[in-house]
Structure formats: C-alpha cells, structure tokens
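Read through the structure below, which is laid out as structure tokens, and then see the notes.
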Amino acid sequence: MSEPLIKPKVFFKTFGCRTNIYDTQMMIGRLKDFEVTDNELTADIVVVNSCTVTNGADSGVRNYISKQNRDGKKVIFAGCGANTHGSELFERKKVFGVLGHSEKENINSLLFSEEPFKNIGVLTHLDKNIVSNYHDKSKAFIKIQEGCNFSCSYCIIPHVRGKARSQNEDKIIKQVKMLSENGFGEFILTGTNIGSYGKDTNTTLGKLLQKLGMIDGVKRVRMGSIEPVQIDDSFKETLKEPWLEKHLHIALQHTNEEMLKIMRRRNGVKKDLELFLELHSLGFALGTDFIVGHPGESEEIWQDALLNFTKFPITHLHAFCYSKRDGTLSASMKQTVDGKRAKSRLKELQAIIQKNNFAFRQKKVKLNVLVEEQKGDFYTGFDQFYNRIFISSKDDLVKKWITIDDYEVKKEGNYATL
C-alpha cells in the first residue's frame, strides 16, 4: 500500500478590512492540494493578505513578513499591498510570490510554483466563485462589489481595487442562501464602497437588502462603511426592518466644510447632521470614519470641526491620523499638522465618543446577541447596536443567539449573567 500523500500546510495571515477577510476565505476555498493550518509555526507556506490604507498598515505587514523570513517560511504576498509594494518586496526577495486580487482563484496552481512569481493581475476583476462556508466563524461576510469611483484626495484604495463594479445579484443571493443552510444567521455586506452597489447594474443597495432580508434563516444583516450621499430612499425603506442591524457606519471623514473640500469629499456638514439626527431618532447607533491632521487642517478649522462634531449623535468611531499615500493628491500638499498635535486631536474625538457610547448603552433596552467566542471567564459577542457584551454562563454559548434583558453597563462594555 502506498503512503498517503502529505499535503503542504498553508497559513493565512489577514490584515485590514472585512473585505480582506472575505478574500482570504475565497482563497481558502480554492485550495485543493494543500492543508490550511491555524498554526503558523507548522506552516510550509504563509499567505499574507495585506492592507495598505495607512503607513501603519504597511509597517505591520512588513514587520510580519520579516519575521516569517527569519523563521524560514515561504511567503506569498497578496491583498491591496500587492499593487503598491509587491514589486519592491519581490525584487528584494522578501517574498517568494506576489498575488494580485484577480489572481485569487488561481492560488492552488500558483502555490505549486517552484519558481518565484509575480502575478499582479488586473483591476477589472469580479470574483467568479462564491464562499459557501467560513472556517471557525460565527458570522458570514458577503462581498457585494469591488472598487470605488470616488476621488478623495487622501485615498489610495481606488488605485489598488479599481473602479466600482457590482457583483451579480443572483450570485449574492445564492451565496447567502447557501451560507444560511450551513447554519449562518448573521451576514456582513462588504466591499470597497458598498453604497455604490447597483449603480452599474440599474439597481440599489436598498433593493438588494430587501431581497436578502426575505431569505429563510437570515436573522441579521450588517454592513460595512457607507457614504452619507448613498443613503437614498430605497435604503431608507429598510430602516424599520427587524433583520437590519440597528447600527450604521457612515463615513464623514471630517466635520468642517473647508476641510471636506480639500479632501475632495462629496458630503457636507449640514446635510450630514440632518441625516445623523434622523437616523438617531429611529434608534440607531451610529459610527463614522474621521481623519485628523490632514494637510490644511488649521487650528481654526479644527476648532470648528470639533464644535460641529459634538452635535452629531455618534456612538462608534474609526478615526486615525492622516497618513501620506504616494500617488494621491494629498501627498503633494504641504503637511501643516505635526504628529503630536494630530494625536492630541484624535484623543479629543475618542473622549467624546466614549462618553456618547456610554450614555447610549445606559438606555438599557433589550439586547439581541450573537455570541462569537469565549474569552477567559466570559462569552462575548455583539448586540444589534454593535456594542460588545461579556456574558457569564455555565452553558456553552458560542455561535448561539440569545436575548438579554438584565445587564450591567460599564465603561468598557455591557456585562450579563445567565
């Protein structure tokens, strides 16, 4: 009897956004002749699915690759960084292979390569395959589109993801149905700019949401970041649906009109505030993106932005200091805010949000929670408002849906005992 074939082991390291989580799962699903491992120490090959949105992201990826090189691993470089830094890392022999977004579906054959390779691919690609399961996940990510047609002055993403293009609606619905049949109840819609879904296919994100909400087994639909100008009437028709998350992440990026023009944004402070107040009145927890320290952010502009920011009912924040990206318009602008001042401004925003979030949670409404994992003495998960809760229980709650009426509100999160 012949010896069983030992498959090479592959470890995936995913950096960045939810779209990258989806892309990693897509690559895992294409591997037929390799074994996926959760232990990088035992891996023969390490696939790095990179993020390049900030200098910090680039630095984290580079440090990780250097460590894998020291450990003697065969490194494959994928993700958004493949377009911006792939050639450099390949030429310096820091990675064995470079894998662009459009080449994900060829990963099985590429990993067999005995010669170093650089396959950047094209920026017009849409995934042909779908993800039918997620390894060791309680929720499912659904990529509904690729690319972005916005031209924000600071952003490199359109250069690494291409123009906006929508995934076929039938393919999205088929994927959600399949994942629902496999036991998933929470679905997170991802993409480069998901609010642009349907602009090229004569439909809208709102219409897609309505169809997904009708699928058996769909208990909750969450979304990645959307733009204020993309919340149209068809989207608003979904706001009272029970399956829609009660948390929306709407990208403002700034709350000063002059700064928004410098950033080449499409939103304006007055309309943004009206929208946030409307959604807040419907009971939504609201998150946003914000960049501090962008070129041109004078003290006068900052003080106006800060005053405006306090008027917004924001409970969640993804904010960071401006990071120069070569190839963008902002990179040619004179830097006017030093790092120390930018970090100080960032902390001002974070303090406001911590106060807002704590006040929001003190309203003590009934929480619907999908438990994701056990950490130490607690089971943890997120409620419908995207707030984390820590639960003490003798029963195994992982991947279960529970309703919580009685809980304690603390600064770091909510706590309950079942």
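Considering only residues that are under 24 Å from Gln350 (Cβ atoms) and free of Cβ contacts under 8 Å to residues at least 24 places away in the same chain, which ones fall in the range 233-267? The answer is Glu257, Leu260.
Being assigned to a loop (DSSP other than H, G, I, E, B), within 30 Å of Met263 (Cα to Cα), of a type in the set (Val, Ile, Thr) and touching a residue at least 12 places away in the same chain (Cβ under 8 Å) is a property that Val122 has.
Filtering the range 143-176 to residues that are more than 13 Å from Thr124 (Cβ to Cβ), of a type in the set (D, E, K, R) and surrounded by fewer than 20 Cβ atoms within 10 Å (Cβ to Cβ) leaves Glu169, Asp170, Lys171, Lys174. Taken over the range 345-400, residues that are in contact with an Asp or Glu (Cβ under 8 Å, 6 or more places away or on another chain) and of a type in the set (Val, Ile, Thr) amount to 4. Do we have any residue at all in the range 2-20 that's at pLDDT 90 or above, crowded, with 22+ Cβ neighbours inside 10 Å and within 26 Å of Val176 (Cβ to Cβ)? Within the range 2-20, one or more residues are at pLDDT 90 or above, crowded, with 22+ Cβ neighbours inside 10 Å and within 26 Å of Val176 (Cβ to Cβ).
Being modelled with pLDDT under 95, crowded, with 16+ Cβ neighbours inside 10 Å and either among the basic types (Lys, Arg) or under 23 Å from Asn20 (Cα atoms) (or both) narrows it down to one residue among Leu212, Leu179, Leu248, Leu208; which is it? Lay out the reasoning, then the answer.
Working: Leu212 fails: modelled with pLDDT under 95; Leu248 fails: modelled with pLDDT under 95; Leu208 fails: modelled with pLDDT under 95.
Answer to the check: Leu179.
Does the range 99-106 contain any residue that is part of a loop (DSSP other than H, G, I, E, B), in contact with a strand residue (DSSP E or B) (Cβ under 9 Å, 6 or more places away or on another chain) and more than 24 Å from Tyr64 (Cβ to Cβ)? Taking every residue of the range 99-106 in turn, none turns out to be part of a loop (DSSP other than H, G, I, E, B), in contact with a strand residue (DSSP E or B) (Cβ under 9 Å, 6 or more places away or on another chain) and more than 24 Å from Tyr64 (Cβ to Cβ). Filtering the range 337-356 to residues that are more than 16 Å from Thr255 (Cα to Cα) and touching a Ser or Thr at 6+ places or on another chain (Cβ under 7 Å) leaves only Asn356. Of the residues making up the range 26-40, none is without any contact (Cβ under 8 Å) to a residue 40 or more places away in the chain, crowded, with 22+ Cβ neighbours inside 10 Å and either of a type in the set (D, E, K, R) or not assigned by TED's automatic domain parsing to the domain that holds Arg161 (or both). Figure legend. Inter-residue proximity from the range 300-324: first residues buried (at least 17 other Cβ atoms within 10 Å of the Cβ), second residues modelled with pLDDT under 95, beta-carbon distance below 6 Å, spacing 6+ or different chains. Indicated pairs: Ser323/Thr54; Ser323/Asn55. Scan the range 76-88 and tell me whether some residue there is acidic (Asp, Glu) and modelled with pLDDT of 90 or more. Yes, the conditions are met somewhere in the range 76-88. State whether the residues of the range 98-114 include one that is acidic (Asp, Glu), more than 23 Å from the chain's Cα centre (by Cα) and at pLDDT 90 or above. No, the range 98-114 contains no residue that is acidic (Asp, Glu), more than 23 Å from the chain's Cα centre (by Cα) and at pLDDT 90 or above.
Selection of the range 76-98 for residues being of a type in the set (A, V, I, L, M, F, W, C) and either within 21 Å of Gln25 (Cα to Cα) or part of a loop (DSSP other than H, G, I, E, B) (or both) yields Ile76, Phe77, Ala78, Cys80, Ala82, Val95, Phe96, Val98.
Just a yes or no: is a residue in the range 170-182 part of a loop (DSSP other than H, G, I, E, B) and not basic (Lys, Arg)? Yes, the range 170-182 contains a residue that is part of a loop (DSSP other than H, G, I, E, B) and not basic (Lys, Arg).
Table: residues versus (1) at pLDDT 95 or above; (2) more than 30 Å from Ile156 (Cα to Cα); (3) of a type in the set (S, T, N, Q).
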{"position": "Ser323", "(1), (2), (3)": "no, no, yes"}
{"position": "Thr336", "(1), (2), (3)": "no, no, yes"}
{"position": "Lys343", "(1), (2), (3)": "yes, no, no"}
{"position": "Ala351", "(1), (2), (3)": "yes, no, no"}
{"position": "Asn357", "(1), (2), (3)": "yes, yes, yes"}
{"position": "Leu367", "(1), (2), (3)": "yes, yes, no"}
{"position": "Asp383", "(1), (2), (3)": "yes, yes, no"}
{"position": "Glu408", "(1), (2), (3)": "yes, yes, no"}
{"position": "Lys411", "(1), (2), (3)": "no, yes, no"}
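Scanning the range 13-70 for residues being in contact with an Asp or Glu (Cβ under 7 Å, 6 or more places away or on another chain) and assigned to a helix (DSSP H, G or I) gives a total of 2.
The values are calculated or read from the model by the stated rules, or taken from the named source; none is laboratory data. The structure presented is a predicted model; accordingly, all values stated were derived computationally and were not measured. Positions of Cβ are generated from backbone atoms using ideal geometry, with glycine treated the same way; all protein chains shown enter the neighbour counts.
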